[in-house]
Amino acid sequence: MTAIDELLRRNDELGNVVPGDRSTPKPSMQVAILTCMDSRIRVFEIFGLKQGEAHVLRNAGGVVTDDMIRSLALSQRKLGTREVLLVHHTNCGLELVTEDGFKDELESDSGMRPTWAVEAFREVKDSVRGSMNRLRHSAFLPFKDGVRGFVYDVRTGALTEVI
């Protein structure tokens with residue numbers, strides 16, 4: 001059985017038991033959460049979220065890229081969010097690579113060098129600050145006062161705010 005087959009089996013067993021309001025695409029808490037794709041970050045569980053309460057955006061590192069700005073612009077301008085909760089984490093895979101090293105690897109394997117940034121980092125707090133800065137300076141986001149950034153400790157579950 002493949003991993004996808006297993007997930008489909010679990011979904012079938014789960015049925016329609018997930019609590020929350022599914023009547024609108026507008027999140028009731030008016031918040032968007034941007035975090036890493038790391039499977040140790042269980043966004044709904046760590047914030048006690050129910051369906052329909054928040055937009056959840058994920059990518060490698062939880063960094064603010066053009067695509068995240070695109071999604072947040074839609075979230076704020078068309079779907080009513082007013083705050084952005086940015087969550088990076090300890091022991092992130094992006095700490096294990098370098099920008100040029102990963103691009104060199106991809107170019108060697110594919111014959112093409114990616115035009116996008118890897119967004120590798122050494123210090124997670126600096127990455128949070130950089131992402132918050134991008135959000136606060138984006139011309140496409142009308143609501144910037146509610147941007148806050150945190151580091152999630154994957155071992156303890158603690159959230160530490162980055163100022």
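The values are calculated or read from the model by the stated rules, or taken from the named source; none is laboratory data. The model shown is predicted, which means the values in this text are computed figures rather than measured ones. Please note: Cβ atoms are built from the backbone with ideal geometry, for glycine as well, and neighbour counts cover all protein chains shown. Remember, those area values only see protein heavy atoms, side chains included, never the ligands or the DNA or RNA. Shrake-Rupley method; radii C 1.70, N 1.55, O 1.52, S 1.80 Å.
Across the range 3-18, the qualifying residues are those that are open to solvent by less than 80 Å² (accessible area, probe 1.4 Å) and assigned to a loop (DSSP other than H, G, I, E, B), and the one among them that is nearest to PHE44 (Cα to Cα) is VAL18. Within the range 32-49, the presence of a residue that is open to solvent by less than 30 Å² (accessible area, probe 1.4 Å), touching a Pro at 6+ places or on another chain (Cβ under 9 Å) and closer than 26 Å to ILE163 by Cα is excluded. Within the range 37-88, track down each residue that is assigned to a loop (DSSP other than H, G, I, E, B), farther than 17 Å from GLU119 by Cβ and of a type outside the set (Lys, Arg). Correct list: SER39, PHE47, GLY48, LEU49, GLY52, GLU53, GLY80, THR81.
Where residues in the range 89-112 are assigned to a loop (DSSP other than H, G, I, E, B) and out of contact with any strand residue (DSSP E or B) (no Cβ under 9 Å at 6 or more places or on another chain), which of them is nearest to ASP153 (Cα to Cα)? Per the stated criteria, the residue is ASN91. Residues in the range 115-163 that are aromatic (Phe, Trp, Tyr), in a loop (DSSP other than H, G, I, E, B) and either more than 17 Å from LEU72 (Cβ to Cβ) or open to solvent by less than 90 Å² (accessible area, probe 1.4 Å) (or both): TRP116, PHE121, PHE143.
Using the structure shown, decide if ASP38 is free of Cβ contacts under 8 Å to residues at least 24 places away in the same chain and of a type in the set (Asp, Glu). When the stated conditions are applied, ASP38 does not pass them.
Cβ-Cβ contacts under 9 Å between residues 6 or more apart (or on different chains), taken from a first residue in the range 1-25 that is under 18 Å from HIS55 (Cβ atoms) and modelled with pLDDT under 90 to a second residue that is of a type in the set (A, V, I, L, M) and surrounded by 10 or more Cβ atoms within 10 Å (Cβ to Cβ), are listed as GLY20/LEU49.
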